[in-house]
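Enquirer: Take a look at the following structure, please.
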Amino acid sequence: MSAGLIFACTGVLLFTMGVAGVVLIDHLVRRILAFNLMGSGVFLVLVGLAQRTDHLDPVPQAMVLTGIVVALAATALALALARRLFALTGKCTLPEVDDD
Amino acid sequence: MKRMAVVLSAAIFSFAMIAAMLELPTPVVNLSDVVAAQMAASGVHHPVTAVLLNFRGYDTLLEIAVLLLALFGVLAVAISGTKETVAAPSPADAVVQTLARIAAPLMVLAAVYLLWIGAHRAGGAFQAGAVLAAGAVLLHLAGLLPGWGPPGIRLRVGLVGGFLVFLAVAGAMLAQGALLQYPPWQAGYLILLIEACLGMSLGLILAGLFLFLS
Amino acid sequence: MTDPLAWLVLLPLLWACGAFLLGPGRGAWLAGTGVALQLFCALLVGGSLLEGGIRTHAIGGWGAPLGIDLAADGLAAIMLLLTQLVALPLMLYARTYFAAGDATAHYFWPLAGMLLGGLNALFLSTDLFNLYVTLEIVGLASVGLVVTGGDARQIAAGLRYLLATLVGSSMYLLGVALLYGVYGTVSIATLGPLIDSAAPRAVWLAAGLMLFGLMLKTALFPFHYWLPPAHGSAPAPVSALLSALVVKASFYLILRLWLGPFLPMSAAAAWLAALLGSVAILWGSWHAIHTERLKELVAYSTVAQLGYLFLVFPLLGPDEIALQAGTMQVVAHGLAKAAMFAATGVFIHLNGRDAVADVAGVAGRLPVTLFAFALAGMTLMGLPPSGGFLAKWLLIHAALRQGHWWLVVVIIAGSLLAAVYVFRVLRQAFLVVPDERRRHGAVPRMLEWTAFFLAAASVAVGLRGMEILRLLAIGRQVPA
């Protein structure tokens, strides 16, 4: 099992923990952190799988750079919204959906 | 109950994924060879920069749009109604301020270096912009740079300027050939131009994501 | 020669920046001109498809799999035309809807521009990773539009939507990462021939992840929970854009992947999708019938109508009828839902409140708007000669051809339920005696007539439907 595969498997575990976190946790900032964990997991998988082969592959690295920036933008927006929600309601959790 | 279900399905999913990944064959398409073959025509010497700004430059274009978009969203939320302010750290802490004053010019220098070296080694506009923004945030946290209010015209030009330059170059190339098709002898200069403008804008955008909320 | 494909992406991004530079709340004229030019480009693309077949544009001149290609086949052209055609009246509507100096509209124009740019880029892209970036543009722009204005309900709805859309995109990206790991490329054209039913297990997992993530973004039951609050609490032009276009974008991607690279492995999930679609139709309609808020009624209707789209999957087969039905439903519902939200916006503008009961008596005051609402309702119910009728008729035809009777029952039940909630609103407007105390202000003509135009278009699309569907056939003979 090469180093690349170990990274990829770790990435999968991080991703799964992140998804579980977003779904199960109530506190908004922790949910956003869980989303970041998901993102990091995906990037690890992307780069890890590319490292299985011997040659250095620049395309996944460029894709991960792009992905990091996109995740950053999303996190910034989410945090701004969470902050505003806290300022307006005093709580850092989403209100219950009224009907289901 | 829901917790059990989620954790169980997460565990099953992880096992399935890891099992699937352990039995992967070698990939059919080998892009690293194709990249290496085309490096001469790309205008830079580092393969990741070449992919990021030339071969897959369209991805980079859209990614800057994402970042700019996040900034618009942050502005839309920060500026409606009264601004709540975070208690700024006490500005009387002389040690932090001195450190910030010493660090800030060095960070600018590091940013310019990162921008320039991107053509030859890991670096480029994003890294440079991130360092610039970190410098701005550092100055703010030390109490030397106030938070930003609604952006005036100069700040707005700075924020979208890099993206507009990128779009303009893309459009100009469209007139001669395909979108973002740099002629090989001009590619290096165009990439440097785009990276420089983007570096500045990215620094402002990333700093703005923090400072517009403060 | 300047290529309309590239301009369809560049133009909205350019005017979005221009609108931002002009300052908060300005940029309506720039938006209107930009979208008009985009509509012109989309018509050029459609026209050139009819003459010459699929158009491609290799960005940077490199060509896939090294570079990224833009491609327009019939399906993409129809989606592009729908986007521009819905966006143009909505831009005019929004200009009048957001009164001068209204703080909620400060960043509407740049955000709308980015949304349209992202949508156009999504419909044209043929690279899986590039599609991820476009999905994020569309997602973040939508969230920005939902929260602009900023009261607590909107922000909570926007955050819920943001978290759902981010989970969806991340799952999609994990799928892309797996595909790259297996095949070494993310270009759809290159992957197509490589994937067959003997693909490694990782490819199945990747397909599942990507489709699951996209279904989350399309609000398929049971992942619909974010849609009613988000579309129900946003300002009317925003809800119109979201319900008409944004949810269709992720559905378009599901269709593209289903018919393209993942065709050999698609049979497994098709019935599950149809089942979830059926539940969505029934559940969404039930809630639309019972809710007290007008915009939420229309939002639940979106959940129900999206269910029809998923009924298409088990029927996709040798003949093209199911695909035509799905496309027609996308187009007709897009136009009708935009009209319905626009009309709802007019009602709320008049009454100041978002309640079904407050629609009482508007028949006398706002005949044009009410007519627009009724025409849009025709599409939702599937009454001839509207586009919705054509879509549902094609769907029933396909279901009968393949012997799936229960799908026909679901479709007809859905139409009946849609009639219940549409008539609920119309009844309020016509039969209940108005309370004169609750009138405020006149309603600008522009709002009414743009709503009417969109509704009339949804009916017109039914009259000329077969010609539009002929466009769909382009690119279907060539294995995608």
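Enquirer: Please work out which one of (1) part of a helix (DSSP H, G or I); (2) more than 9 Å from chain B (Cβ to nearest Cβ) is the condition residue C:117 fails and give its number.
Expert: Residue C:117 satisfies every listed condition except (2).
Enquirer: Moving on. Give B:44, B:35, B:6 a once-over and let me know the one that is in contact with a helix residue (DSSP H, G or I) (Cβ under 7 Å, 6 or more places away or on another chain), under 26 Å from residue B:115 (Cα atoms) and assigned to a helix (DSSP H, G or I).
Expert: B:35
Enquirer: Going by the conditions given, is residue C:420 under 24 Å from residue C:305 (Cα atoms) and of a type in the set (Val, Ile, Thr)?
Expert: yes
Here is a yes/no grid of residues against (1) within 7 Å of chain C (Cβ to nearest Cβ); (2) over 30 Å from residue C:115 (Cβ atoms); (3) surrounded by fewer than 19 Cβ atoms within 10 Å (Cβ to Cβ); (4) aromatic (Phe, Trp, Tyr):
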residue	(1), (2), (3), (4)
B:2	no, yes, yes, no
B:26	no, yes, yes, no
B:30	yes, yes, yes, no
B:73	yes, no, no, no
B:77	yes, no, no, no
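Enquirer: Return the residues of region C:308-333 that are more than 21 Å from the chain's Cα centre (by Cα) and in contact (Cβ under 8 Å) with a residue 40 or more places away in the chain; say none if nothing qualifies.
Expert: Correct list: C:314, C:315, C:317, C:319, C:320.
Enquirer: Going by the structure shown, is residue C:339 under 20 Å from residue C:419 (Cα atoms) and out of contact with any Ser or Thr (no Cβ under 7 Å at 6 or more places or on another chain)?
Expert: no
Enquirer: Sticking with this one: Go through (1) aromatic (Phe, Trp, Tyr); (2) within 11 Å of chain B (Cβ to nearest Cβ); (3) under 17 Å from the mean Cα position of the chain (by Cα) one by one and return the number of the condition residue C:132 breaks.
Expert: (3)
Enquirer: Hey, another quick one. Give region B:166-191 a look and list any residue that's surrounded by fewer than 18 Cβ atoms within 10 Å (Cβ to Cβ) and either in contact with an Asp or Glu (Cβ under 7 Å, 6 or more places away or on another chain) or at pLDDT 90 or above (or both), or say none.
Expert: B:168
Enquirer: Yes or no: region C:186-195 includes at least one residue that is in a helix (DSSP H, G or I), of a type in the set (S, T, N, Q) and out of contact with any Lys or Arg (no Cβ under 9 Å at 6 or more places or on another chain).
Expert: yes
Enquirer: For region C:229-237, indicate whether the set of residues that are buried (at least 22 other Cβ atoms within 10 Å of the Cβ), among the polar types (S, T, N, Q) and within 15 Å of the chain's Cα centre (by Cα) is non-empty.
Expert: The answer is no; no qualifying residue exists.
Each row is one residue, and each column tells you yes or no for (1) more than 10 Å from chain C (Cβ to nearest Cβ); (2) part of a helix (DSSP H, G or I); (3) closer than 20 Å to residue A:76 by Cα; (4) not basic (Lys, Arg).
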site	(1), (2), (3), (4)
B:139	yes, yes, yes, yes
B:144	yes, no, no, yes
B:174	no, yes, no, yes
B:195	yes, yes, no, yes
B:204	yes, yes, yes, yes
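Enquirer: Looking at C:240, C:304, C:270, C:274, which one is aliphatic (A, V, I, L, M), out of contact with any strand residue (DSSP E or B) (no Cβ under 8 Å at 6 or more places or on another chain) and under 26 Å from residue C:98 (Cβ atoms)?
Expert: Residue meeting the stated conditions: C:240.
Enquirer: Then there's this: Search region C:135-177 for residues being small (Gly, Ala, Ser) and in contact with a Lys or Arg (Cβ under 8 Å, 6 or more places away or on another chain), and hand back the single one that is farthest from the other protein chains (Cβ to nearest Cβ).
Expert: Of everything passing the filter in region C:135-177, C:168 is farthest from the other protein chains (Cβ to nearest Cβ).
Enquirer: Filtering region A:49-77 down to residues that are among the polar types (S, T, N, Q), within 10 Å of chain C (Cβ to nearest Cβ) and in a helix (DSSP H, G or I), which residue is farthest from the chain's Cα centre (by Cα)?
Expert: Only one residue tops the list, namely A:66.
Enquirer: What is the residue count in region C:267-295 for residues that are in a helix (DSSP H, G or I), more than 15 Å from residue C:222 (Cα to Cα) and not hydrophobic (A, V, I, L, M, F, W, C)?
Expert: The total comes to 2.
Enquirer: Please verify whether region A:16-32 includes one or more residues that are in contact (Cβ under 8 Å) with a residue 60 or more places away in the chain and crowded, with 19+ Cβ neighbours inside 10 Å.
Expert: Yes - at least one qualifying residue is present in region A:16-32.
Every residue, every condition in (1) within 14 Å of chain B (Cβ to nearest Cβ); (2) touching a Pro at 6+ places or on another chain (Cβ under 9 Å); (3) crowded, with 24+ Cβ neighbours inside 10 Å, yes or no:
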| site | (1), (2), (3) |
| --- | --- |
| C:201 | yes, no, no |
| C:207 | yes, yes, yes |
| C:214 | no, no, yes |
| C:258 | no, no, no |
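Enquirer: Being over 28 Å from residue A:83 (Cβ atoms) and either outside any helix (DSSP H, G or I) or within 8 Å of chain C (Cβ to nearest Cβ) (or both) narrows it down to one of A:13, A:46, so name that one.
Expert: A:46
Enquirer: Got a number for residues in region B:4-23 being within 12 Å of chain C (Cβ to nearest Cβ), of a type in the set (A, V, I, L, M) and under 33 Å from the mean Cα position of the chain (by Cα)?
Expert: Summing the residues that are within 12 Å of chain C (Cβ to nearest Cβ), of a type in the set (A, V, I, L, M) and under 33 Å from the mean Cα position of the chain (by Cα) in region B:4-23 gives 3.
Enquirer: Any residue that is touching a Phe, Trp or Tyr at 6+ places or on another chain (Cβ under 6 Å), hydrophobic (A, V, I, L, M, F, W, C) and surrounded by fewer than 16 Cβ atoms within 10 Å (Cβ to Cβ) - is there at least one of those in region A:75-93?
Expert: Scanning region A:75-93 turns up at least one residue that is touching a Phe, Trp or Tyr at 6+ places or on another chain (Cβ under 6 Å), hydrophobic (A, V, I, L, M, F, W, C) and surrounded by fewer than 16 Cβ atoms within 10 Å (Cβ to Cβ).
Enquirer: Restricting attention to region A:16-43, and to residues there that are more than 9 Å from chain C (Cβ to nearest Cβ) and more than 21 Å from residue B:5 (Cα to Cα), which single residue is farthest from the chain's Cα centre (by Cα)?
Expert: Looking at residues that are more than 9 Å from chain C (Cβ to nearest Cβ) and more than 21 Å from residue B:5 (Cα to Cα), I get A:29.
Enquirer: Just to be sure before I move on: is residue B:132 touching a helix residue (DSSP H, G or I) at 6+ places or on another chain (Cβ under 6 Å), within 14 Å of chain C (Cβ to nearest Cβ) and either modelled with pLDDT of 95 or more or crowded, with 20+ Cβ neighbours inside 10 Å (or both) in the structure I sent?
Expert: no
The values are calculated or read from the model by the stated rules, or taken from the named source; none is laboratory data. Quick caveat: nothing in here was measured; it's all calculated off a predicted structure. Neighbour counts run over all protein chains shown; Cβ positions are idealised from the backbone, glycine included.
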